[in-house]
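Accompanying notes for the structure given below.
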Amino acid sequence: MIRGAANTLWESVRNIATVQGSAVSWVPMESDRHILERLEGRLGPVHARQRLGIEQEKDQQVFGGGMNFFHPENWYSTHSLIRYVLQLSGLYRRGRRNALDIRVRRNSVVLPGLPPAFDGFTLLHMSDLHADMYPQATAALAETVAGLDYDACVITGDYRAQTCGPIDRSMQEMAGLCTQLRQPIYAVLGNHDSIRMLPHLEEMGIRVLLNEQVAIEREGAAIHLAGVDDAHFYRVDNLEKAAEGIPADAVSILLSHTPEIYRQAAHAGFDLMLCGHTHGGQICLPGGIPLTLDAKCPRYMGRGAWRYHRMQGYTSAGAGTCIVSVRINCPPEVTLHTLRRADQGKACQ
Ligand SMILES: [Fe+2]
């Protein structure tokens, strides 16, 4: 039965490739069949077909598709122009140095209803690694996280520098980084990521949450960690599916690559949303004012801690770089989120 469904998926992806002709950058080969079979078994036929189909069809799309109209990350001809302008203005070398200076930020999250066993529970949050963009920065990241103390690690997507093409180098860099991380590790995929990364990341011991949730248990109590697939470009996030099985009174944390689904997440009842995607602007004016966030969300959600109704959120400025491997007025970061129990008396007021 599964074999038959996988055949159908494989054939449908091959058909898309044939219809698109030379515009498609990746045509599935016979050797991809086992990945497709695994994806179909893991995600179900609809999600797997959607993700692979959109990946084929929308590779390198600069305008249209996704949450916003313009996708600068897909406009490769501008990347060298930006680099050239930075070189002319004398900012390039400084920006490259800044990209290696990864900060460890600390964020305390007070959560009503947090079980006592989770008071002090700490999540290491990394985002937007773009691990193959600037190998020295990925090495600096590995060095930074090696000495940190935390209970679980979460990664909110973007492992590859480009938005299409080979995944090998990014996966090699990720495998190296993983040797410096403590288990358990949970992650989601971003708009730079291919669904073909899934088996590789899971072989590294990373549990990728694709519209799924897990219970993290401690001393007989549990909190729930959910993750959605990319909502920015692929728009294959499914909050309803991700929240399935989370008890109404349980503390729930959502991993999403982008903050753009803040409204849906808040009304779905999540207590905390951890995300990235914006890079905090990456190249900012003095004072950290971003030129662009490449996201359809309020500016205050562009970096750091925020709140929307009862849901708390945190947008990581990201650990890596994309488009150009520089950071200006916006240092790269990893974040340690420590969960704290709300004063029960105050929470009832
Ligand atoms: Fe990113």
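The values are calculated or read from the model by the stated rules, or taken from the named source; none is laboratory data. No experiment lies behind these values; they were computed from the predicted model shown. Reconstructed Cβ throughout: ideal geometry from the backbone, glycine too, with neighbour counts over all protein chains shown. In case anyone asks, the SASA skips ligands and DNA or RNA and just uses the protein heavy atoms, side chains included. Shrake-Rupley method; radii C 1.70, N 1.55, O 1.52, S 1.80 Å.
Data for the structure
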read-out	value
Filter result for the condition that a residue is within 16 Å of the ligand (Cβ to nearest atom) and open to solvent by 30 Å² or more (accessible area, probe 1.4 Å), over Glu202, Glu173	Glu173
Test for Cys178: is it assigned by TED's automatic domain parsing to the domain that holds Ala117, within 16 Å of the ligand (Cβ to nearest atom) and surrounded by fewer than 21 Cβ atoms within 10 Å (Cβ to Cβ)	no
Which listed residue, of Arg341, Arg310, is open to solvent by 40 Å² or more (accessible area, probe 1.4 Å), farther than 20 Å from Ala161 by Cα and touching a Pro at 6+ places or on another chain (Cβ under 8 Å)	Arg341
Residue tally, condition part of a helix (DSSP H, G or I) and open to solvent by 30 Å² or more (accessible area, probe 1.4 Å), over the stretch 133-168	7
Options Ala250, Ala319, Ala265, Ala295: the member that is out of contact with any Lys or Arg (no Cβ under 7 Å at 6 or more places or on another chain), at pLDDT 95 or above, farther than 24 Å from Leu111 by Cβ and open to solvent by less than 40 Å² (accessible area, probe 1.4 Å)	Ala319
Pairs, first assigned by TED's automatic domain parsing to the domain that holds Ile246 and modelled with pLDDT of 95 or more in the stretch 206-223, second of a type in the set (Asp, Glu) and open to solvent by 10 Å² or more (accessible area, probe 1.4 Å), C-beta under 8 Å, six or more apart	Val208/Glu202; Asn211/Asp237; Gln213/Glu244
Restricting the stretch 268-288 to residues that are touching a residue at least 60 places away in the same chain (Cβ under 8 Å) and of a type in the set (A, V, I, L, M, F, W, C), the residue that is surrounded by the most Cβ atoms within 10 Å (Cβ to Cβ)	Cys275
